[in-house]
Amino acid sequence: MRRTRGLMAALGSLAVFAACQPAAETAEQAETRMASEALAARTAIEAANARMAAHMNAERFDSAAMVYAEDARGLPPNMVPDVGRAAILKSLQGMAGMKATIGFTTTHVAVNGPLAVETGTYSFTFTPPGAPAPVTDTGKYMAHWHKMGDNWMIVENIWNSDLPAMPAGPPVKQP
């Protein structure tokens, strides 16, 4: 009898616990939640991109690099990766004196909780050292963002140009 009462009490507690659990999310509710998360993340990411572009255009590279996580990875075309915010900052500082103007346009953001993937396009005008006139490059990028506290931070990004590849140099003669 005591066993039965104990079992009944346990079952009663389990029933109360189960009743307190939220109902499973429907597919429609999940879609609505994810759309809301994506909109909020996109707004924050576009604002971070605008700040980064403004800092880069003003040659405040240390401020521009702050949109990257401390252990972020930049994956530039035709170069080795920049690993860590300090390495990314060093690469950004390579644009000093080039009168650069950069702009980003977000085309899509996919979000799941604290993770987001952004795709977009860029336009980058700069004057290389010794060049008689500015050069404009346009291309596309993908950035992997993590929400850290209240901020979205880039943890990885990669980009490439829409311009035709530069022709290879003259063939190297073999001895």
In the range 109-129, anything under 14 Å from the mean Cα position of the chain (by Cα), of a type in the set (Val, Ile, Thr) and surrounded by 14 or more Cβ atoms within 10 Å (Cβ to Cβ) is listed as VAL109, VAL111, VAL117, THR121
For the range 44-90, enumerate the residues that are assigned to a loop (DSSP other than H, G, I, E, B) and among the hydrophobic types (A, V, I, L, M, F, W, C). ALA58, MET79, VAL80
Among the residues of the range 120-159, count how many are polar (S, T, N, Q), in contact with a strand residue (DSSP E or B) (Cβ under 7 Å, 6 or more places away or on another chain) and within 26 Å of THR43 (Cβ to Cβ). 4
Please state which of the following conditions ALA47 fails to meet, knowing it meets all the rest: (1) closer than 23 Å to GLY149 by Cα; (2) buried (at least 18 other Cβ atoms within 10 Å of the Cβ). (2)
Neighbours by Cβ (under 6 Å, 6+ apart or cross-chain): first from the range 68-90, closer than 22 Å to LEU163 by Cβ; second of a type in the set (A, V, I, L, M) and part of a helix (DSSP H, G or I): GLY74/ILE88; ASP82/ILE88
Restricting attention to the range 79-102, the residues that are in contact with a Ser or Thr (Cβ under 9 Å, 6 or more places away or on another chain), under 20 Å from ALA50 (Cβ atoms) and crowded, with 16+ Cβ neighbours inside 10 Å number exactly 2
Exactly one condition in (1) part of a loop (DSSP other than H, G, I, E, B); (2) at pLDDT 90 or above is not met by ALA41; state its number. (1)
Please work out if ASP137 is acidic (Asp, Glu), surrounded by fewer than 17 Cβ atoms within 10 Å (Cβ to Cβ) and over 20 Å from the mean Cα position of the chain (by Cα). yes
Which of the residues belonging to the range 86-140 are small (Gly, Ala, Ser) and under 30 Å from GLU37 (Cβ atoms)? GLY103, ALA110, GLY113, ALA116, GLY120, SER123, GLY139
Would the range 120-139 turn up any residue that is touching a Leu at 6+ places or on another chain (Cβ under 6 Å) and in a loop (DSSP other than H, G, I, E, B)? no
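The values are calculated or read from the model by the stated rules, or taken from the named source; none is laboratory data. Remember, it's a predicted structure, so these values are computed and weren't measured experimentally. Every residue, glycine as well, gets a Cβ built from its backbone with ideal geometry; the counts of neighbours run over all protein chains shown.
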